[in-house]
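Written below as structure tokens is the structure these notes are about.
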Amino acid sequence: MFKGYDFMNIDPLFSDEEKMVRRTVRDFVEDRVLPIIEKHNREATFPIHLVKEMAQLGFLGANLQGYGCAGMSNVCYGLIMQELERGDSSLRSFASVQGSLVMYPIHTFGSKEQKQRWLPRLAAGEAIGCFGLTEPDFGSNPAGMLTRAHKSGDGYVLNGSKAWITNGNVADIAVVWGRCDDDKIRGFLVEKETPGFEAREYKNKWSLRASVTSELMFHDCRVSGDALLSGTDGLRSALMCLTQARYSIAWGAVGAAMACYHSALEWALQRKQFSNKPIASHQLVQEKLVWMLTEITKAQLLCYHLGRLKDQGRATSAQVSLGKRNNVYVALEVARMARDLLGANGIVDDYPVFRHMCNLETVKTYEGTHDIHTLVLGQEITGIPAFE
Amino acid sequence: MKIVTCIKQVPEKDTRFELNTEDSWIKEQDLTYEINECDEYALEEALRLKEKHGGEVVLLSVGSDLAERALRRGLALGADRAILIVAPREEISDPLMVARALRAQAQVEQPDLILTGVRSDDHAFAQTGTMLAELLHWPHATIVMKVETDEVGKTLKVQRELEAGLLEEVALALPALLTIQQGINQVRYASLKGIMTAKKKELRRVDWISLGLSGGKKIQIERIGFPKSEKKFEIIGGSPEHAAAVLVEKMKKEMKIL
Ligand SMILES: Cc1cc2nc3c(=O)[nH]c(=O)nc-3n(C[C@H](O)[C@H](O)[C@H](O)COP(=O)(O)OP(=O)(O)OC[C@H]3O[C@@H](n4cnc5c(N)ncnc54)[C@H](O)[C@@H]3O)c2cc1C
């Protein structure tokens, strides 16, 4: 049974409640995810049957209050993400999108009716959501988006397309960002099967294979006035959602890194080469293991502190950027080192390492690429934007 | 159906223990604790019976102040309330003392059914449940692997696990006590909502002194230690046929593994 790694003995800093939550998710991942995930990854299918199970346990939108949500702390929410991503980044991505990118904006920017209609169903896993911000021509720079929401009668007409949208084809509701007649970007709730709305799944991904990624197309797609998330006010509202999701990614990356380190350590102690000694007895191998554990430990401390700040309402988006950027970077490096240490066995799916490594390539890119977060932090430090 | 489930908090499995300076117990500092494994199964069985018949599941534990954690987890899994008899550790290394303390609260609660685990993962006496039943003059069944109730919840039919894969079916009238074997069911996960509500559920503390049991202890732990490992090896010479024959003989007679 996986027990996690806690070199700096930070476990006593977590409350009993937080540890109980972690235990629930860890047990769930051990029993329900790990036995099936390689098959889903191989066949590129999303384990959709786990959605309701996760919902029943309260994983979806766990840090939101009311409407059937668990109402837990952000540290609990982070621990859920960490454990889910130890299983697979696909499940964590699903939970991040559902909770941070769909439920959070409805909770924050939605009307009472929108909240009552959608939040309980989304929390219960009866409805799945997706978040459409990225476009084929506007990824890192969503401010340039071309999707239009033209006012027509008491509703809107949407035209444009969204690219790389997690959950696209399995979603009942899409949070879609478009430019309004006053040039301001706002969010809309578009239900599946609305005429003029179509989703097309990307096939042949090498990464996040157990997750659904789709292109969303809007062709004279008419929605009623109630579809507008009336609290949204420009791109900044979309970025607020991203800050929530990036926070969950910072924790999730630790889970993926721990899974890879775990495999690498076990392997290094048992695999023997030269004089019948385990490869772990060689200095070069030890150096790699030490690097991995050191970076995992630093990432854990970062998450822990970020979580406590967020619970006090004091975490800034730049701090979250630092967390996402650092933790995903080190997780990917840990995955690559683990792959290396396993030798040939590192490339087959008898071990989780290559799968995590491929997944983390996506995690590095989405929710602001590594370099975009570098620019965010560069601007934070110097006051000089270097995006253009 | 009112069910009392007795649960004990024990150090987490696979812990590498160190002994205290007097060799009288393990070092408790920095240990992680959990609910004794059989007791989790007992609690799950209780929750299932409650789901079928309605009623209440009350957790009962004898332990240190720290055992509150195990009880909170039990409450998160779905128990309705909990009672913790806070006792000094020396007193409760005797299963009879624990059974007496449990009886005192069982008499207050007057449940229809008491479930305990077969044994605890620390002392492994496997006596507490049976002693409690005897003290209450209640019928009991041990090492239970299956529990069936009639429609109205007045009688039980249970399966006991015997040696060599045999099962024994026993009928009991309530009130009764069962000691539950691990593996009887699949223990549920504590849902996040369960964890949140557990904080608000009643957890009553009972002071050991108030039970008036002090001085009745019959068993005392003298010393604990790790067995001295003696590594013995022997090279059997001669032809392969001869060596194999000697080895088989040794496996049969000395090691008793064939
Ligand atoms: C599996 C998957 C799931 C996704 N899910 C979603 C989703 O649910 N919703 C959603 O809206 N989006 C989603 N995305 C899209 C993701 O957020 C974008 O891919 C990401 O923002 C990067 O955009 P891009 O791919 O267009 O790359 P680009 O923006 O074209 O970037 C390409 C490269 O150029 C670099 N670059 C760009 N601008 C600069 C600059 N100014 N200075 C220096 N370097 C720069 C980038 O860092 C990167 O290395 C998903 C992507 C993937 C792969």
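A few remarks follow.
- Taken over segment A:30-56, the criterion of being under 22 Å from residue A:253 (Cβ atoms) and within 14 Å of chain B (Cβ to nearest Cβ) is satisfied by A:30, A:32, A:33, A:50, A:54.
- Considering the conditions (1) within 16 Å of the ligand (Cβ to nearest atom); (2) within 20 Å of the chain's Cα centre (by Cα); (3) away from chain B (no Cβ under 14 Å), residue A:95 is excluded by exactly one of them, (3).
- Residue match in segment A:164-176 (condition: away from the ligand (no atom under 13 Å from the Cβ) and within 14 Å of chain B (Cβ to nearest Cβ)): no
- Across segment A:147-185, the qualifying residues are those that are hydrophobic (A, V, I, L, M, F, W, C) and farther than 27 Å from residue A:207 by Cα, and the one among them that is farthest from the chain's Cα centre (by Cα) is A:157.
- Each residue in segment A:271-326 was checked for being within 23 Å of the chain's Cα centre (by Cα) and aliphatic (A, V, I, L, M), and 12 pass.
- Condition met for residue B:119 (surrounded by 17 or more Cβ atoms within 10 Å (Cβ to Cβ), in contact with a helix residue (DSSP H, G or I) (Cβ under 9 Å, 6 or more places away or on another chain) and closer than 30 Å to residue A:63 by Cα): no
- The condition of being hydrophobic (A, V, I, L, M, F, W, C) and either more than 21 Å from residue A:94 (Cβ to Cβ) or more than 11 Å from the ligand (Cβ to nearest atom) (or both) holds for only one of A:363, A:348, that being A:348.
- Test for residue A:142: is it surrounded by 19 or more Cβ atoms within 10 Å (Cβ to Cβ), within 16 Å of residue A:232 (Cα to Cα), away from chain B (no Cβ under 14 Å) and of a type outside the set (S, T, N, Q): no
- Of the criteria (1) away from chain A (no Cβ under 14 Å); (2) out of contact with any helix residue (DSSP H, G or I) (no Cβ under 7 Å at 6 or more places or on another chain); (3) within 30 Å of residue B:78 (Cβ to Cβ), which one residue B:149 fails: (2)
- Number of the exception - residue A:148 against (1) out of contact with any Pro (no Cβ under 7 Å at 6 or more places or on another chain); (2) within 13 Å of the ligand (Cβ to nearest atom); (3) not small (Gly, Ala, Ser): (2)
- Residues satisfying the stated conditions in segment A:114-123, i.e. crowded, with 17+ Cβ neighbours inside 10 Å and either within 14 Å of chain B (Cβ to nearest Cβ) or within 16 Å of the ligand (Cβ to nearest atom) (or both): A:122, A:123
- Residue within segment B:175-182 that is among the hydroxyl-bearing types (Ser, Thr, Tyr) and more than 14 Å from chain A (Cβ to nearest Cβ) present: yes
- Positions within segment B:11-43 being more than 13 Å from chain A (Cβ to nearest Cβ) and either within 17 Å of the chain's Cα centre (by Cα) or touching a residue at least 40 places away in the same chain (Cβ under 8 Å) (or both), in sequence order: B:11, B:19, B:23, B:24, B:25, B:26, B:36, B:38, B:39, B:41, B:42, B:43
A quick yes/no check of all residues on (1) touching an Asp or Glu at 6+ places or on another chain (Cβ under 9 Å); (2) without any contact (Cβ under 8 Å) to a residue 40 or more places away in the chain; (3) part of a helix (DSSP H, G or I); (4) surrounded by 23 or more Cβ atoms within 10 Å (Cβ to Cβ):
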site	(1), (2), (3), (4)
A:298	no, yes, yes, no
A:305	no, yes, yes, no
A:331	yes, no, yes, yes
A:336	no, yes, yes, no
A:346	yes, yes, yes, no
A:351	no, no, no, no
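- Options A:53, A:30, A:38, A:85; residue that is crowded, with 18+ Cβ neighbours inside 10 Å and in contact (Cβ under 8 Å) with a residue 12 or more places away in the chain: A:85
- Taking segment B:122-137 as the range and being surrounded by fewer than 24 Cβ atoms within 10 Å (Cβ to Cβ), in a helix (DSSP H, G or I) and among the polar types (S, T, N, Q) as the test, only B:130 passes.
- Residue check for residue B:88: modelled with pLDDT under 95 and touching a Leu at 6+ places or on another chain (Cβ under 6 Å): no
- Check on residue A:70, surrounded by 24 or more Cβ atoms within 10 Å (Cβ to Cβ), over 16 Å from the mean Cα position of the chain (by Cα) and within 14 Å of chain B (Cβ to nearest Cβ): yes
- When residues of segment A:196-219 are limited to those that are within 12 Å of the ligand (Cβ to nearest atom), of a type outside the set (A, V, I, L, M, F, W, C) and part of a strand (DSSP E or B), the one surrounded by the fewest Cβ atoms within 10 Å (Cβ to Cβ): A:201
- Among the residues of segment B:184-213, the ones that are in a loop (DSSP other than H, G, I, E, B) and either within 30 Å of residue A:72 (Cβ to Cβ) or in contact with a helix residue (DSSP H, G or I) (Cβ under 7 Å, 6 or more places away or on another chain) (or both) come to 14 in all.
- Screening the candidates A:126, A:135 for the property of being at pLDDT 95 or above, within 13 Å of the ligand (Cβ to nearest atom), among the charged types (D, E, K, R) and more than 17 Å from the chain's Cα centre (by Cα) yields one hit, A:135.
- Scanning segment A:73-92 for residues that are away from chain B (no Cβ under 13 Å) and part of a loop (DSSP other than H, G, I, E, B) yields one hit, A:88.
The values are calculated or read from the model by the stated rules, or taken from the named source; none is laboratory data. Every value quoted in this text rests on a predicted model; they were computed, and no experiment measured them. Note that each Cβ is placed from the backbone with ideal geometry, even for glycine, and that neighbours are counted across all protein chains shown.
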